[in-house]
Protein chains: 2
Amino acid sequence: MNRQQLIEQIKTKKSFLCVGLDTDLKKIPQHLLDDEDPIFTFNKAVIDATAPYCVAYKPNLAFYEAFGIKGMVAFEKTVDYLKAHCPDHFVIADAKRGDIGNTSAMYARTFFGEYDIDALTVAPYMGEDSVSPFLTYDGKWVVLLALTSNKGSHDFQLTADAGGERLFEKVLRVSRQWGDADNMMYVVGATQGKMFSDIRRIVPDHFLLVPGVGAQGGSLHEVCRYGMTDDCGLLVNSSRGIIYASQGDDFAEAAAKAAHELQQEMAAELAAR
Amino acid sequence: MNRQQLIEQIKTKKSFLCVGLDTDLKKIPQHLLDDEDPIFTFNKAVIDATAPYCVAYKPNLAFYEAFGIKGMVAFEKTVDYLKAHCPDHFVIADAKRGDIGNTSAMYARTFFGEYDIDALTVAPYMGEDSVSPFLTYDGKWVVLLALTSNKGSHDFQLTADAGGERLFEKVLRVSRQWGDADNMMYVVGATQGKMFSDIRRIVPDHFLLVPGVGAQGGSLHEVCRYGMTDDCGLLVNSSRGIIYASQGDDFAEAAAKAAHELQQEMAAELAAR
């Protein structure tokens, strides 16, 4: 999916919600465990329920890998289901990969070639040749970690160099040269508040993928105030707040309700701009 | 495997060689492609041939994931084979993972809980809570990226802060507090030459996992000169130089020969200390 198509989807749906499919067998309704493939059954129900309110889905690979081959089968089935039933939704594999060139090229082949996913999260630590192999696929996106939502983001990402430039700012400034706003996005945690202003000074046009609203405590309004652009420029992710809104039989309706509430907040933010 | 056991293996075998199992269907002898599971068949032959000369194996997850479910089955079979037939070899999953706490905990469960692998490579960008979940498994190791072997390592890892401390040095200094020399190692590329002296000032006792000898151009002698400790303190990896030493029917003998040559160089370095 290209940038213009994504922007159109956001306008049409009045939503920039990304639903994180961090599906954990320990947290899904226990009656699903009798199912042949409980992870996929859960995902399918959540997708069917939330699709009208979101523009993107983000399965987190860790949750699938944790269940070995069965987990990866569930991941593939989920991706296939999204491609067949939600062709207008943007699909992000949250895998935070990044390795030397020939290895990153293998990961790119997996996620873009085999799975045909729209975007992949990538870690910047190893520099340009660890990222550029992902930028050679037409219509595919790198979502590079910049300023993450967790406490440990302060350990290295905020370290300033002699000129006062912080590491996340250097990552933004330097990596901006590797691709452009049509094939790169950045991860910026919702917990980072006013930092969005600093980020917009460096990447005024790039989309930002924003985790941390909900369970991690970030404010949607703050994110929009400092991070929204004329093209929206935001994909705000919620995982646990939606998919585990209820752990009972009504999990899908509860997920729909939680997604709808976020979508309505988003519609208001878009209208207010 | 604990630190003392690893040191004993190095002394017994006069080797600190790690063989990287970066198995690519495009590069293995083409007659193996008729096999039911060519990746595992190749790995098994390479393992059998090289086991006397090395103390560790490092399958790189990217190469297995690239072949989807079949690739992951081959990975699991390889790990099971190593555990059954090479119980004295240290097994490192080269996956370069790292995510927010609850996600890293899932990865830890996969690699240490499910696969029972000795060590996992982890990326430091997201800080302490992205790494610490991997340090809660007894006898298991985090191998944290510090100064990598690729060209892009210069993009961010060498950035100095106002006090002159470079990012890789800060990663070493700060992360030293998260674990100790019994459960943490660091990735330092063989291409980094004299930087090993700077690294040893910060982590005098930790083991270093050193890629980049061979195909990437690093010198074993330089690595040993500046990086070796009284306990050896090094695991030097070679992947392509060993497993693709020949692409003919004699690939296993050629791998054994390449591994044996490196082991002899290593024995000389150990004796010279």
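What follows draws every value from the coordinates through simple rules; no lab data is involved. If you're wondering where the values come from, they're calculated on a predicted model, not measured in any experiment. FYI the Cβ positions are ideal-geometry reconstructions off the backbone, even for glycines, and counts take in every protein chain you see.
What's the angle, to the nearest 10 degrees (0 to 90), between helix B:251-272's Cα axis and the longest principal axis of chain B?
40
Looking at segment A:1-68, which trypsin sites (Lys or Arg not before Pro) are in a loop (DSSP not H, G, I, E or B) and have at most 11 other Cβ atoms within 10 Å?
Numbers: sites: A:R3, A:K11, A:K13, A:K14, A:K26, A:K27, A:K44; in loops: A:K14, A:K26, A:K27.
The qualifying sites are A:K26.
Using the crude model of +1 on Lys and Arg Cβ and -1 on Asp and Glu Cβ, and no other charge, please compute the dipole size for segment B:3-272 relative to its Cα centre, in debye to 20.
Working: 26 positive and 37 negative charges, 122 e Å.
I would put it at about 580 debye.
Helix A:38-50 versus the longest principal axis of chain A: what angle, 0 to 90°, nearest 10, using Cα atoms?
Relative to chain A, helix A:38-50 is tipped by roughly 70 degrees.
Which whole number gives the average count of other chain Cβ atoms within 10 Å of the Cβ atoms across peptide A:8-14? If you can, show how the numbers build up before the last one.
Details: counts 0, 0, 0, 0, 0, 0, 0.
Taking the mean over all residues of the peptide, I get 0.
Of A:A93, A:A62, A:A119, which is the most mobile in a GNM of chain A whose springs link Cα atoms less than 10 angstrom apart?
Most flexible of the set in this elastic network: A:A62.
Taking each label point as 7 Å beyond Cα in the direction of the beta carbon, state the distances from B:A271 to the same residue in the other copies, shortest first, in nm.
Result for B:A271, in nm, nearest copy first: 8.2.
Magnitude of the Cβ-charge dipole of segment B:83-132, K/R +1 and D/E -1, about the Cα centre, nearest 20 debye?
Computed about the Cα centre, the dipole is about 100 debye.
How large is the Kirkwood hydrodynamic radius of segment A:135-273, counting all unique pairs of alpha carbons, in Å?
16.0
Relative to 2.2 N^0.38 Å, what does the C-alpha radius of gyration of the protein assembly as shown come to as a ratio? Two decimals please. Walk me through the numbers before you get to the answer.
On the way: Rg = 23.2 Å, N = 546, 2.2 N^0.38 = 24.1 Å.
Cα Rg divided by the expected 2.2 N^0.38 Å: 0.96.
Run the helix sum for the protein assembly as shown: -39,500 (n - 2.57) per DSSP H stretch of 4+ residues, divided by residue count, reported at 222 nm to the nearest 500 deg cm²/dmol.
-12000 deg cm²/dmol
Run through the other copies and list how far each one's label point is from that of B:L33, in nm with one decimal, shortest first; the point sits 7 Å from Cα along Cα-Cβ.
Those separations, rounded to one decimal, come out as 4.5 nm.
Roughly what % antiparallel, to the nearest 5, for the DSSP beta bridges in chain B?
Of the beta bridges lying entirely in chain B, close to 5 percent run antiparallel.
What FRET efficiency comes out for A:A84 versus A:E165 if R0 is 45 angstrom and r is the Cβ-Cβ distance? Round to the nearest 0.05.
Once rounded, the FRET efficiency stands at 0.50.
Select from B:T136, B:T23, B:T12 the residue whose mean-square fluctuation is largest in a Gaussian network model of chain B (Cα-Cα springs shorter than 10 Å).
Among B:T136, B:T23, B:T12, the largest GNM mean-square fluctuation belongs to B:T12.
Can you give the angle from 0 to 90° between the axis of helix B:68-85 and the longest principal axis of chain B, with both taken from C-alpha atoms, to the nearest 10?
Here the helix axis deviates by roughly 90 degrees.
Farthest toward the dipole's positive end in the protein assembly as shown, which of A:F67, B:P133, A:S175, given Cβ charges of +1 (Lys, Arg) and -1 (Asp, Glu) about the Cα centre?
The listed residue farthest towards the positive side: A:S175.
Would you mind listing how long segment B:1-63 runs along its three principal axes, going by Cα atoms, in whole Å with the largest first?
42, 22, 16
Would you mind checking A:K14/A:K257; A:K26/B:K140; A:K26/A:K140; B:K96/B:K170 for any pair whose Cα atoms are more than 26 angstrom apart? Please report the intermediate quantities before stating the final value.
Working: A:K14/A:K257 16 Å; A:K26/B:K140 24 Å; A:K26/A:K140 33 Å; B:K96/B:K170 19 Å.
Pairs exceeding the cut-off: A:K26/A:K140.
I want the antiparallel fraction of DSSP beta bridges within the protein assembly as shown, as a percent rounded to 5.
Numbers: 5 of 63 bridges.
For the protein assembly as shown, the DSSP antiparallel bridge percentage is about 10.
Using a Gaussian network model of chain B with C-alpha springs under 10 Å, which one of B:V213, B:V188, B:V174 is most mobile by mean-square fluctuation?
B:V174
Would you mind listing the distances between the B:A181 label point and the same position in each other copy? Use 7 Å along Cα-to-C-beta, nm, one decimal, shortest first.
5.2
Work out, in µm²/s and without decimals, the Stokes-Einstein translational diffusion coefficient of segment B:196-253 at 20 °C, 1.002 mPa s, Rh from Kirkwood over C-alpha pairs.
D, rounded to a whole number, is 169 µm²/s.
Mean separation of Cα pairs under 8 Å and 6+ residues apart, divided by the residue count of segment A:3-272: what relative contact order is that in percent? Write down the numbers at each step before the final one.
Numbers: 471 pairs, mean separation 58.1, N = 270.
Taking the mean separation of contacting Cα pairs over the length of segment A:3-272, I get 22 percent.
Treating only the Cα positions of segment B:125-209 as identical point scatterers, give the base-10 log of I(q)/I(0) from the Debye formula at each q in 0.20, 0.25 Å⁻¹.
-0.93, -1.36
Within segment B:190-229, which residues have the backbone N less than 17 Å from the label spot 7 Å out from B:D180 along Cα→beta-carbon, could you tell me?
Within reach of a label on B:D180, which here means backbone N under 17 Å from a point 7 Å along Cα→Cβ, segment B:190-229 contributes B:203-207.
For segment A:3-272, taking Cα atoms only, what is the radius of gyration to one decimal and the Dmax to the nearest whole Å?
That works out to 17.8, 59 Å for Rg and Dmax.
Give a quick list of trypsin sites (Lys or Arg not before Pro) in segment A:92-166 that DSSP marks as loop, anything other than H, G, I, E or B, with at most 16 other Cβ atoms within 10 Å.
Values: sites: A:K96, A:R97, A:R109, A:K140, A:K151, A:R166; in loops: A:K140, A:K151.
Passing sites in segment A:92-166 are A:K151.
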